[in-house]
Amino acid sequence: MIKDKIKIEYIYHSGYTIETEKYFMVFDYFKGDIELPDKPVVVFSSHAHPDHYNEDIFRWTLASDDITYILSDDIIASPNGRIRLMGPYERINFMDFTVDTFASTDQGVSFLVNVEGIDIFFAGDLHWWYWEEDSSEDKFQMEKDFKYQIDKIKQHKIDIAFFPVDPRLGDNFALGGNYFIQKTNPTHFFPLHFGDNFEIIDDFINNLPSDNTHVYNVDQRNQEFFI
């Protein structure tokens, strides 16, 4: 039983779980070890890319009688009492949850979730994807699109943020994360989209733009954090 604490577990890549006293949330699961507790489960998938979504999540209904799916509308699924599809800039309310969506700079949506007084931002593939091989025009457009989304998001309080720190970007791996922290000032920050490249998180922490945000140094799968 979680009491007056929030338990966060890194599953793999961009997959995390968040457990509060009343609820268990799963974000962008596509593989890894996961155990569903005996409490209401809410599963979020930010888009259909295979490193963020796996249709096996629907098999979890065999293990949980109380499960809700909040999915980006680019995922092929039929809405019903358990499955809700969301596009960018939408809001839904259910149980104790308010979920707002923003756009992505790649595919799908990013989520801002309020539950039990906690504000959680999950970026999915929203990022400043600065690829050296891109044209100057593409780089300019990416920067513009990314900053446009952050301008919308920064108007909201964020207690816990999940945001990409992708080693494939080379020297630009911290560009988006640093800008996000500077503009939104989340209290807690968990990295996404790094697979098993845990060393990149050390590099990110060593170049933080602010002391006000606690970045968690994930160093293994199924690592647990209590905040």
Practice prompt. Just name the residue that is surrounded by the most Cβ atoms within 10 Å (Cβ to Cβ) out of those in the stretch 90-99 that are within 17 Å of the chain's Cα centre (by Cα) and in contact (Cβ under 8 Å) with a residue 24 or more places away in the chain.
Written response: V99
Worksheet item: In the stretch 1-52, which residues are under 14 Å from the mean Cα position of the chain (by Cα), in a strand (DSSP E or B) and farther than 25 Å from G81 by Cα?
Response: I8, E9, Y10, I11, Y12
Discussion item. Can you find, within the stretch 53-72, the residue that is surrounded by the most Cβ atoms within 10 Å (Cβ to Cβ) among those that are in a loop (DSSP other than H, G, I, E, B) and touching a residue at least 12 places away in the same chain (Cβ under 8 Å)?
Written reply: Y53
Fill in: Residue list for the stretch 53-83, restricted to those being in contact with a strand residue (DSSP E or B) (Cβ under 9 Å, 6 or more places away or on another chain), farther than 24 Å from H13 by Cβ and among the charged types (D, E, K, R)
D66, R82
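No lab work stands behind these numbers, since they all come straight from the coordinates. Treat the numbers as computed from the prediction; the structure is a model and nothing was measured. Positions of Cβ are generated from backbone atoms using ideal geometry, with glycine treated the same way; all protein chains shown enter the neighbour counts.
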